[in-house]
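Participant: Here's a structure for you.
Throughout, read-outs are computed from the coordinates displayed, never taken from laboratory work. It should be emphasised that the depicted structure is a prediction, and the values quoted were computed from it without experimental measurement. Cβ: placed from backbone, ideal geometry, glycine included. Neighbour counts: every protein chain shown.
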Amino acid sequence: MRRRSGLWSLLALFVIAGLIAAACTGAPGTTTQPSGAAGDIDPNGEVTTNAGSEPDTIDPQKESFVNEVAQTMMVFEALMAFDPKTLKPVPGAAKEAPKLSSDGLTYTYTLRDGLKYSDGSPVTAKDFQFGFTRTCDPAVAGEYAFTAYIIVGCEAWNTMDPKKATKAELDAAKAKLGMKVNGDKEISFTLTEKAPYFNSIAALWVGVPSRESDVTKGGDKWTEPATFIGNGPFKLTEWKHNEKMVYERNDNYRTKTQLKKWTKVMINESAVAFAAYRNNELDAVGIGAEQLRTVEGDADLKAQTIDVGGSCTIYVGFNNAKAPFDDQKVRMAFAKSFDRLAYINDVAKIGKAATEGGFIPPGMPGYDKDDTAQKFDPAAAKQLLAQSKYANTDTLKNLKFTYAASAANKTRIEWLQQQWQTNLGVTVAPDPVDATTYTSLVKKPETTPLMFRLGWCADYPDQQDWLTTVFHSSSTVTHVGYKSATFDAAVRKADADPNPESRDKTYQDASRQLSNDAAAAWWYYSATKYLRKPWFKGITDTVMDFEYGIFNLTAIGVTKKK
Amino acid sequence: MLKYTIRRLLLLIPTMFFVAVIVFFLAHAAPGSPFDAKSVGDKQLPTATIERLENLYGVNKPVPEQFMLYLGNVARFDFGNSFRSGRAVSEIIGEEFPVSAQLGVQALLLALALSLPLGMVSALRQNTAVDYGSLFFATVGTTIPSFVIAIFAIYFFGVTFHLLPFVGWSTPLHWVLPTVILSLGPMAFLTRITRASMLEAIRQDYVRTARAKGLREQVVIVAHVMKNALIPIATIVGPATAGLITGSIIIEGIFSVPGMGREFLRSILGRDYPLIMGVFLLYAFLISIANLSVDLVYGLLDPRIKVSK
């Protein structure tokens, strides 16, 4: 008896003690409101952000994803970099813009003086050569190797099967790479064709100077802090897998960062990350549509909201090779009959409707505000459908829309279904499949679904990476099966054009053709909203950002938090 | 008993083999490859790249051939490397399993420490306020999903009152919320089981006999009722232990605990075959060991259950 009642009073005591403790510490906690007063930048500032999930790899020559590149580019610097305002390539580790050979095929870069790795040893042209060579190496099997195929010999070597080819064959292919080092400072690349966009490729992570001695020493684990030694603004000092990565200032970088430390924690749940931000455990956090109402209802949070455009265009893919979408009129009718603005306002909440502009999103070189070919116009759409060769046939009934099953996608596709039903009078049947199955379906022309949702995000800010890479008939990322000889000829001409004005013009015409042909229906451009504490300063947001202020890391700092 | 244990341990080999066969073929039966899975999202890798990677890692070979290769490697205790991260499966599990195990053991101990007394008390004082209170707790604990409680706990203890941290696993203070919330489900469940089996045991003839012999009430309860009531509890606790120590997808996800629970889901969605195999073989092994322990404990609790045949 006694024991029992003892147990209960113990429990009660526990609860009461908890409440009291809560009450006591509650008061100061709720008033942790930053003063936000403009102060000097703290020379030993620290920030914490959320990396979301653990990056699969941070090996610059293997990786391809935003959350992976976001780690590499803290630690490494490529030959070129992107200007945070214009997104045009500017010198990074290179002293100046490269010298071009008279035939326009060879690019020669000279390194800045006194470049050092974070351990103090010098960076040489050989290190850059090693980085690019690794990118082309078939044994490394990098996911972004294709970006370097423009270098002579890279594609031939990279597409060899390292298990079948003999060592002699592989070495012979490697020896043919169009790369030459001259002394410690000079590296030149010979390209397969004229490619004015090569400077942008030279700014990518695939060409950063991974150091041969580190890769050899660390083997599969060279990306751990001990051997992940770079030439960039920060160094990786700690990586607790699935928990956090810690970056500290690299004192050997030519411009010292104002931040002493940048910790990236890995919180998967957006609600938890949001709570951590409000708790001052994070200095910035991305917000999802589900947090928007909370943010908008709170004056402080609202003032801390940053809107940034994104680097992706999301489109409705039509299988151009299959009836009824082999008829341009049908494609255009579908493209003109859903209200993109309503979608952003009513459903997505975040993002920018593709009401103006074609395939290339705003903020990106080549964005064309005046391309309104696919403007929402139900009357015109109905007329187009009536004129199409499939008008009043069964082919237009119950068209399957395949998508990667998720709650978000279900809402999206059902919204589209509704739009086409109302505005065009056609029935579309949503067809959910699991995400990996979806990818395997859309990658092959034989299995490409009739209609699907897909997107493209820039690898580098250049029209070539949009128009040629995605919609040229030889592209391996084309999922809609668009084939047009005029379009192909135009983009290939622009790819090689050294004159920026005529190049832009040719791309613009090609891009308009794409919209007029309704190869796909541009739906919306990605965008991000994030919250940033008032003391987190010096960030230039760009549409290409894979990390806060990544193109100008040394400018970032924090004012004293109190 | 020893012979029985050895025999059961030997039986583990064919069990594990069949688990391996089933999981391997099921995993490969799902459409897509690990490199398709890497492409999930708005942006996809070029088809040529995906195909080259598939060829290089041998995932385009016939599945039986891949399975034989896998078995050969496992026989040499090589569980392969994750396709996604390239890290060794043994290393990933070696890092994550201890975290999940610690969280699971803490939660289990907490659950047992509170549920056994609570269940017993409510059985002994059936239909009193204590009993109703414990029933209420048990019903609430089983019906409200842990993620709901977790989010409330984060807002209450973390954001509003700044009492406890809720991101990560770095200090003992970080352990509190995930442990307590993970224990609530099993705690509620065990309370009900304990109460039910105590009630059943109390009504048995041998209890009446014990009382008729004039034994003291404490002796009757402890030696006759409790010991017999423990059998159904042991049946539940065994597999529950295996489930708890291999990690909870939800709790680890919410509290950013770097454990193995999240790996279950992630490896399947990512078609990361070596990791799927590693995670599931470990799980199967632990379940088998837990069941064996339960069978052995039966013998101790009730001599009528003979384990040695």
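Participant: Need one number: the % of Cα-Cα pairs in region A:55-114 sitting beyond the 13 Å mark.
Facilitator: 69
Participant: Another question, then. How do the peptides B:184-194, A:186-196 rank, highest first, by the average count of neighbouring beta carbon atoms within 10 Å per residue?
Facilitator: Result, highest mean Cβ count within 10 Å first: B:184-194, A:186-196.
Participant: Starting from the 7 Å offset along Cα-to-Cβ, what nm value, one decimal, do you get for the label separation of A:Val181 and B:Asn73?
Facilitator: Modelled inter-label distance: 3.3 nm.
Participant: Turning to a different aspect of this structure: Sticking with the crude label model, points 7 Å out along Cα→Cβ, report the distance from A:Thr237 to A:Lys116 in nm, one decimal please.
Facilitator: 1.7
Participant: Using DSSP to define loop residues, name the trypsin sites (Lys or Arg not before Pro) in region A:301-330 whose beta-carbon has at most 16 other beta-carbon atoms within 10 Å.
Facilitator: Loop-located and lightly packed - A:Lys322.
Participant: A further question on this structure: Taking the alpha-carbon distance from A:Lys400 and a cut-off under 23 Å, which lysines remain once sequence neighbours fewer than 8 residues away in the same chain are dropped?
Facilitator: Correct list for A:Lys400: A:Lys322, A:Lys329, A:Lys336, A:Lys382, A:Lys389, A:Lys410, A:Lys443, A:Lys444, A:Lys483, B:Lys43.
Participant: May I ask you to list the residues of region B:60-89 whose amide nitrogen lies under 16 Å from a point 7 Å from Cα along the Cα→beta-carbon direction of A:Ala165?
Facilitator: The answer is none.
Participant: Region A:161-217 to region B:231-246: how many Å between their Cα centroids?
Facilitator: That distance is 56 Å.
Participant: Find the all-direction average of the projected area of the Cα convex hull for region B:96-255, expressing the result in square nanometres with one decimal place. If you can, show how the numbers build up before the last one.
Facilitator: Details: hull surface 41.6 nm².
For the Cα atoms of region B:96-255, the hull's average projected area reads 10.4 nm².
Participant: At 7 Å along the Cα-to-beta-carbon direction for both A:Lys505 and B:Tyr132, put a label point, then send me their distance in nm to one decimal.
Facilitator: Those two pseudo-labels are separated by 8.8 nm.
Participant: Under 19 Å from the 7 Å Cα→Cβ point of A:Glu46, by amide nitrogen: which residues of region A:526-562?
Facilitator: A:533-537, A:556-562
Participant: Moving on to the next point. Per q in 0.14, 0.19 Å⁻¹, report the Debye log10 I(q)/I(0) for region B:1-132, using one uniform scatterer on each alpha carbon and no solvent.
Facilitator: With no solvent term, the Cα-only Debye profile gives -0.89, -1.22.
Participant: Now for a separate question. Under 12 Å from a point 7 Å along the Cα-to-Cβ line of B:Thr15: which residues of region B:268-309 have their amide N that close?
Facilitator: Backbone N within reach: B:283-296.
Participant: Other chains near A:240-252: what is the mean number of their Cβ atoms within 10 Å of each residue's Cβ?
Facilitator: Counting other chains' Cβ atoms within 10 Å and averaging over A:240-252 gives 3.
Participant: In angstroms, what radius of gyration and Dmax does region A:149-232 have, counting Cα atoms only?
Facilitator: For region A:149-232, the Cα-based Rg and Dmax read 15.0, 40 Å.
Participant: Using the Kirkwood radius over C-alpha pairs as Rh, can you work out the diffusion coefficient of region A:53-261 via Stokes-Einstein at 25 °C, viscosity 0.890 mPa s, in µm² per second?
Facilitator: Details: Rh = 17.4 Å.
Roughly 141 µm²/s, to the nearest whole number.
Participant: How crowded by other chains is B:269-277, given as the mean number of beta carbons from other chains within 10 Å of each beta carbon?
Facilitator: 1
Participant: Still on this structure, please answer the following. What share of Cα pairs, in percent, lie more than 16 angstrom apart in region A:313-352?
Facilitator: On the way: 355 of 780 pairs.
Cα-Cα pairs of region A:313-352 separated by over 16 Å account for 46 percent.
Participant: Enter the per residue convex hull volume of region B:74-136, computed from alpha-carbon coordinates, in Å³ rounded to the nearest integer.
Facilitator: 134
Participant: Oh, and also: Residues of A:452-461, mean number of Cβ from any other protein chain within 10 Å of their own Cβ, rounded to a whole number?
Facilitator: Shielding by partners across A:452-461 averages 2.
Participant: As a test of understanding, state the convex hull volume per residue of the protein assembly as shown from its alpha carbons, in Å³.
Facilitator: On the way: hull volume 176.2 nm³, N = 871.
In the protein assembly as shown, the Cα convex hull volume per residue is 202 Å³.
Participant: Dividing the alpha-carbon radius of gyration of chain B by 2.2 N^0.38 Å (N being the number of residues), what value is obtained?
Facilitator: 1.22
Participant: Let me ask something else about it. Only sites in a loop by DSSP and with at most 15 other Cβ atoms within 10 Å count here; which trypsin sites (Lys or Arg not before Pro) in region A:357-461 make the cut?
Facilitator: Passing both the DSSP loop test and the Cβ count: A:Lys369, A:Lys375, A:Lys389, A:Lys397.
Participant: For A:Lys167, go through the aspartates and glutamates and keep the ones whose alpha-carbon is under 16 Å away, minus same-chain ones fewer than eight residues off.
Facilitator: Cα-Cα hits under 16 Å: A:Asp137.
Participant: Only loop residues by DSSP count here, and only those with at most 14 other Cβ atoms within 10 Å; note down the trypsin sites (Lys or Arg not before Pro) in region A:232-274 that meet that.
Facilitator: Here the sparse-neighbourhood loop sites are A:Lys256.
Participant: Here's another thing I want to ask about it. Consider just the alpha-carbon atoms of region A:286-442 and return their Rg together with their Dmax, both in angstrom.
Facilitator: 17.5, 57
Participant: Taking 0.36 nm per residue of sequence separation and subtracting the Cα-Cα distance, how much length would be gained by fully extending the chain between B:Leu173 and B:Gln102, in nm to one decimal?
Facilitator: Length gained, B:Leu173 through B:Gln102: 24.2 nm.
Participant: With just the Cα atoms defining each centre, how far is region B:1-30 from region B:107-163? Give it in Å.
Facilitator: About 36 Å separates the Cα centre of region B:1-30 from the one of region B:107-163.
Participant: OK, next. Measure nothing but the geometry: give the 0 to 90° angle between the long axis through the Cα atoms of B:89-124 and the longest principal axis through the Cα atoms of chain B, rounded to 10°.
Facilitator: 20
Participant: Here's something else I'd like to know. Please enumerate, by chain and number, the aspartates and glutamates with C-alpha under 16 Å from the C-alpha of A:Lys369, excluding those fewer than 8 residues away in the same chain.
Facilitator: A:Glu356, A:Asp504, A:Asp509
Participant: In cubic angstrom, how much convex hull volume per residue do the alpha carbon atoms of region B:117-178 span?
Facilitator: Hull volume over Cα atoms, normalised by residue count, gives 105 Å³.
Participant: Roughly speaking, what is the stretch gain from A:Asp326 to A:Ile306, that is 0.36 nm per residue apart minus the C-alpha to C-alpha distance, in nm to one decimal?
Facilitator: 3.0 nm
Participant: Would you kindly state how much longer the chain becomes between A:Glu224 and A:Ser474 on full extension, computed as 0.36 nm times their sequence separation minus their alpha carbon distance, in nm to one decimal?
Facilitator: 86.1 nm
Participant: What helices does chain A hold that run 18 Å or longer along their axis, going by alpha-carbon atoms, with a Kyte-Doolittle average of 1.0 or more, using DSSP H for the helix calls? If you can, show how the numbers build up before the last one.
Facilitator: Working: long enough: A:2-30 (41 Å, 0.96); A:407-424 (25 Å, -1.13); A:500-517 (25 Å, -2.10).
In chain A, no H run is both long and hydrophobic enough.
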